[in-house]
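Some notes on the structure that comes next.
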Amino acid sequence: EPRNVVIRANTTDNMNAAGKAAANYLNDYLGGANKDIRYKASNTLDRAQEIQELSKTTNQQLLWIASISLLVGGIGVMNIMLVSVTERTREIGLKKAIGARNDTIMIQFLTESVVITSLGGIIGVAAGIVLAEIISVLTGTPVAISAAAILIAVVFSMVIGVVFGLIPSMKAAKMDPIEALRYE
């Protein structure tokens, strides 16, 4: 008795019908002697759709996890920049006392924030590539990393730096130079 039968349908629309007809034929013709053996047809398109649905759900969960991670990372950057502004209050006051404009101070702190997040993005991309290559070697699966994905990741980390560095840089720019110079 055959364990597997491969049937080629002339169109994809006829695949299910051809598979069911073959299973019925085998059950009627070959399975008459032994009723415990039943042949069935499986549709690979249905299996592929199930895998796509599972992949879609997994991708949505990963998107939520990544969003939460970015939010937490952004808040961390904002806290670091707020501490930096607080520690450098006297420096900011001195710069403003000798003529630095508010936008100059703001750009300085925004630049720091963008540099921090860009370096984090570059290190993260490098770590991701290295880990992907290690997993590829261990499992034998191919790796495809696009340059566009790398660029988008680094640019997105820069955007996070701008968004979450905005409040600390505005705080630094709005400081009163006299109060800042008195700060202990």
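Every number in this text was worked out from the coordinates using simple rules, so none of it is lab data. Keep in mind the model is a prediction, meaning the values are calculated, not measured. Note that we place each Cβ from the backbone using ideal geometry, even for glycine, and neighbour counts take in every protein chain shown.
Listed peptides 85-97, 122-134 appear in the order 85-97, 122-134 once ranked by packing, highest mean of other Cβ atoms within 10 Å at the front.
Its Cα gyration tensor gives the chain an equivalent ellipsoid, and the semi-axes of that ellipsoid, as √(5λ) in whole Å with the largest first, are 66, 15, 13.
For the chain, the number of Lys pairs with C-alpha atoms closer than 28 Å, counting only pairs eight or more positions apart or on separate chains, is 6.
For the peptides 169-178, 108-117, residues were scored by their other Cβ atoms within 10 Å and the scores averaged per peptide; the highest-first order is 108-117, 169-178.
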